[in-house]
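All remarks here apply to the structure that follows.
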Amino acid sequence: MSRYSLRTVGAALVVVLCAGCGGNEKPHGEAALKNACDGVFDDGLINEARKSDDFNDLHVASGTRSHASAVKTMLDEDHAAYACILDDKDSSESDEGALSIKFTPGMRTLFPKDENRSFGAYKAYKLGNGMQATIEAGGADVYFECESKDRLRPLTVTGTFHNDFDLSSEARFRPLFRSSLKVAKLLKCENNIKFPDPAKMKYLPLKED
């Protein structure tokens, strides 16, 4: 067989063997964030996260997660469940990943109802209608109650946003609130759950040293 024919056969084999190469590769970076967690991550968060050296390594973690599956787990098994987890090169062994949103049923309030101060990096917010929020290094939490005719007592829900990036409080609260509203809808909450604009939220005054 001539050298030209050998090259032709070799090229054909490469095409056959590599058909679809990369087609099953998970989206990374911006593409991963835009498609993750039922679309709760906005351009503001993406632009802030982009400043991290690990941004382009972000990808949706293995496993099937969604708001619907998280709600099902909370109702059927009465324990916490992730709506989404994104990993990067350093977080594949971590349950929380590099960025995640988790919901936990049945927890108490984030802070005592008569609390009137924040402390250092820990900021506390009273959102009205018994709802609360807190933020500290690496994360944010929101607490709300869900009233439904299917339950004798309101179900308390705590949403937790975890991230390894240097994100502002607004960039953390926006997706957490969007995600929480999706959970409230799936839980068929009958009470009015409405979160404020994170840009206008005021935390409780800092305690003076």
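The values are calculated or read from the model by the stated rules, or taken from the named source; none is laboratory data. From a predicted model like this one, the values you see are computed outputs, not experimental measurements. All Cβ positions, even for glycine, are placed from backbone atoms using ideal geometry, and neighbour counts span all protein chains on display. Just so you know, the surface numbers come from the protein's heavy atoms only, side chains and all, with ligands and any DNA or RNA stripped out. Shrake-Rupley method; radii C 1.70, N 1.55, O 1.52, S 1.80 Å.
Below is a table of values for the structure above.
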read-out	value
Residues of the range 93-209: accessible area per residue with a 1.4 Å probe, Å²	56 Å²
Top of Asn192, Asn56, Asn163 by mean-square fluctuation, Gaussian network on the chain, Cα under 10 Å	Asn192
Three-way shape call for the range 75-145 based on the alpha-carbon gyration tensor, with the a/c threshold at 1.5	oblate
Fully extended contour minus Cα-Cα distance, from Lys51 to Leu206, at 0.36 nm per residue	52.9 nm
Helical contribution to [θ] at 222 nm, DSSP H n ≥ 4, -39,500 (n - 2.57), averaged over the chain, rounded to 500	-8500 deg cm²/dmol
Cα-only Debye scattering, the chain: base-10 log of I(q)/I(0) at q = 0.10, 0.15 Å⁻¹	-0.50, -0.96
Within the accessible area of the chain (1.4 Å probe), percent carbon and sulfur	49 percent
Theoretical FRET efficiency, 1/(1+(r/R0)^6), r = Cβ-Cβ of Arg117 and Lys188, R0 41 Å, to 0.05	0.70
